[in-house]
Amino acid sequence: MAKQYFDQRIASTHLDSQGERLDLETLREYCAFANGRRLPLHQKHQMGEPTLGHIENVRLVPDNQEWQVIGDITITHGELDPNLKGFSISFTTQIIVRDNPE
């Protein structure tokens, strides 16, 4: 039987435990891409491993002075690693360096 986790934070403009943050424009672009899609859910960003389920109903919401992307998580295969502390998105993007091509 599938397990569901509603309204889970998957990205934000807050500084995360890895010392990273996403800007508001990137979050907007991600939500526009995700709109109406069922996105695959991988564990530990291991894209070569089978998916555990999916993320859907992705949306951008205000969070005090910051922003967060939340979505509904459905686990259809396997179990979540109990040592993980939350969900996060992973994607590739083009990086453009204008001042120093090195």
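The values are calculated or read from the model by the stated rules, or taken from the named source; none is laboratory data. These figures come from a predicted structure and were not determined experimentally. Accessible surface is based on the protein model in full, side chains and every heavy atom, while ligands, DNA and RNA are left aside. Shrake-Rupley method; radii C 1.70, N 1.55, O 1.52, S 1.80 Å.
Quick look at the values:
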| read-out | value |
| --- | --- |
| Relative contact order [Cα under 8 Å, 6+ residues apart], the chain, whole percent | 34 |
| Accessible solvent surface per residue of the chain, calculated while the other protein chains remain in place, 1.4 angstrom probe, Å² | 76 |
| Percent accessible area from carbon and sulfur atoms, the chain, protein chains only, probe 1.4 Å | 47 |
| Cα shape, segment 6-71, gyration tensor, a/c 1.5 rule | oblate |
